[in-house]
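Here's the structure, in structure tokens; my notes come after.
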Amino acid sequence: MGNHVANGPYVGGETHPEPIREGHFVSDEPAKLGIFLFLGTEILLFGGLFTAYLVFRVKYPQMFYEDHFRLDRILGATNTVVLICSSFTVALAIASIRRGKRGLLQLFLALTILLAATFLVIKYFEYREDFAGGLFPSTDIFFSLYFMMTGLHAIHVTGGLVVLSAMLYLSSRGKFSERYYTPVEVAGLYWHFVDIVWIYLLPLLYLVG
Amino acid sequence: MAEKGSNDYKVYAVVWIALLILTGTTVAVSYVDLGFLNVVVALLIASAKAALVALFFMHLKYEKKLLLGFALAPLCFLFVIMSGTLLDTLFRR
């Protein structure tokens, strides 16, 4: 196991983390603490926008009520289903590599990426419909918040799509095994966060007047 | 450290179905006029969905308490920020 030139940073000079004892799982705890720390900053980032939503909703309840009907509830719900399924597939991906099943890892990562792309395509059609209907960020504060919050979220979906694609590429190169799959797990945790943000965006923007 | 039973596929599947059902419910309820209860129900359902994703998909139910702390602390800060801003909005405007 490991490389012939042993000048890496890990135990025994390995350049790739290896178990210290045969079959012993390498701790991924620091990485998980790290990603949750980062997700904390993301919670506050979106939190600022949710706070703005709260303030302006309190100030202009009638505007929020009337405006929200102009959003397509069915497309919003469809996108919610798409993201929920993508969280399911990425969880399955991790469950698979935990058992060392590399093929399934790649399959489920590919499905997740496909669903992420689907979300973005639906969002594109939604925005196109909105613009065609004369709805822009400058229309009023409700639509300003709508475009800002879903737009920022869509940027996060795109970023997640890129990271997941990188994971798919690395897994195709055999980088992951049942003893080491930390990057996939970290990417998955980020992806679940993106799903959770949308879970709150759906009712606040599309469903509740 | 990742001792998972052989049934995590099943747990994920059950959670997935629950999430889909909750999504359908929240959309259906949005067509019924319950007055201000609409907001309450919608947020409760959304929080239930978020909790399911966090506890099961993100594995927080099975992780060390420290990790759960890292995940919850930002929410506490957010609660403080939102409460303070809301109070300010309601009583100064």
Original post:
Here are B:51, B:46, B:18, B:13: which of them is of a type in the set (Gly, Ala, Ser), within 26 Å of residue A:36 (Cα to Cα) and facing chain A (nearest Cβ under 7 Å)?
Top reply: B:46
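From the residues in the stretch B:51-66 that are of a type in the set (A, V, I, L, M, F, W, C) and surrounded by fewer than 18 Cβ atoms within 10 Å (Cβ to Cβ), which one is farthest from residue A:205 (Cα to Cα)?
At the first step, the residues of the stretch B:51-66 found to be of a type in the set (A, V, I, L, M, F, W, C) are B:51-58, B:60, B:66.
From what is left, the residues that are surrounded by fewer than 18 Cβ atoms within 10 Å (Cβ to Cβ) are B:51, B:55, B:66.
Details: B:51: 20, B:55: 25, B:66: 33 Å.
Out of the qualifying residues, it is B:66.
Within the stretch B:48-70, which residues are without any contact (Cβ under 8 Å) to a residue 40 or more places away in the chain and more than 16 Å from residue A:87 (Cβ to Cβ)? Spell out the reasoning first.
Step one: list which residues in the stretch B:48-70 are without any contact (Cβ under 8 Å) to a residue 40 or more places away in the chain, which gives B:48-55, B:58-61, B:63-70.
The answer is B:63, B:64, B:65, B:66, B:67, B:68, B:69, B:70.
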Subject >> the stretch A:102-144: number of residues that are without any contact (Cβ under 8 Å) to a residue 60 or more places away in the chain, basic (Lys, Arg) and surrounded by 16 or more Cβ atoms within 10 Å (Cβ to Cβ) >> reply: 1
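Identify all residues within the stretch A:73-89 that are in contact (Cβ under 8 Å) with a residue 60 or more places away in the chain and within 8 Å of chain B (Cβ to nearest Cβ); write none if there are none. Step through it out loud before you land on a result.
Step one: list which residues in the stretch A:73-89 are in contact (Cβ under 8 Å) with a residue 60 or more places away in the chain, which gives A:73, A:76-77, A:79-80, A:83-84, A:86-87.
Of everything in the stretch A:73-89, those that are in contact (Cβ under 8 Å) with a residue 60 or more places away in the chain and within 8 Å of chain B (Cβ to nearest Cβ) turn out to be A:73, A:77, A:80, A:84, A:87.
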Subject >> Subset of the stretch A:44-72 [more than 8 Å from chain B (Cβ to nearest Cβ) and either touching a Gly at 6+ places or on another chain (Cβ under 6 Å) or hydroxyl-bearing (Ser, Thr, Tyr) (or both)] >> reply: A:53, A:60, A:65, A:68
Original post:
Considering the stretch A:192-205 alone, what residues qualify as being at the interface with another protein chain (Cβ under 7 Å from one of its Cβ atoms), in contact (Cβ under 8 Å) with a residue 12 or more places away in the chain and among the hydrophobic types (A, V, I, L, M, F, W, C)?
Top reply: A:199
**OP:** Return the total of residues in the stretch A:177-188 being surrounded by fewer than 22 Cβ atoms within 10 Å (Cβ to Cβ) and under 13 Å from residue A:102 (Cβ atoms).
**Re:** 4
Original post:
Do you know which residues across the stretch A:50-59 are aromatic (Phe, Trp, Tyr) and over 23 Å from residue B:31 (Cβ atoms)?
Top reply: A:50, A:56
**OP:** May I ask you to list the residues in the stretch B:19-75 that are among the charged types (D, E, K, R) and in contact with a helix residue (DSSP H, G or I) (Cβ under 6 Å, 6 or more places away or on another chain)?
**Re:** B:49, B:61
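Go through the stretch A:1-53 and count every residue that is charged (D, E, K, R) and modelled with pLDDT under 55. Steps first, answer last, please.
Just the residues of the stretch A:1-53 that are charged (D, E, K, R), to begin with: A:14, A:18, A:21-22, A:28-29, A:32, A:42.
Then keep just the ones that are modelled with pLDDT under 55; that gives A:18, A:21-22.
Result for the stretch A:1-53: 3.
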Subject >> Conditions (1) in a helix (DSSP H, G or I); (2) farther than 30 Å from residue B:92 by Cα: number failed by residue A:50 >> reply: (2)
Original post:
Across the stretch A:173-191, what is the number of residues that are without any contact (Cβ under 8 Å) to a residue 60 or more places away in the chain and either of a type in the set (A, V, I, L, M) or within 12 Å of chain B (Cβ to nearest Cβ) (or both)?
Top reply: 0
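Is it the case, given these coordinates, that residue B:26 is assigned to a helix (DSSP H, G or I), facing chain A (nearest Cβ under 9 Å) and under 19 Å from residue A:79 (Cβ atoms)?
Working: assigned to a helix (DSSP H, G or I): yes; facing chain A (nearest Cβ under 9 Å): yes; under 19 Å from residue A:79 (Cβ atoms): yes.
So residue B:26 fits the description; yes.
The values are calculated or read from the model by the stated rules, or taken from the named source; none is laboratory data. Quick caveat, the model's predicted, so the values are computed rather than measured. FYI the Cβ positions are ideal-geometry reconstructions off the backbone, even for glycines, and counts take in every protein chain you see.
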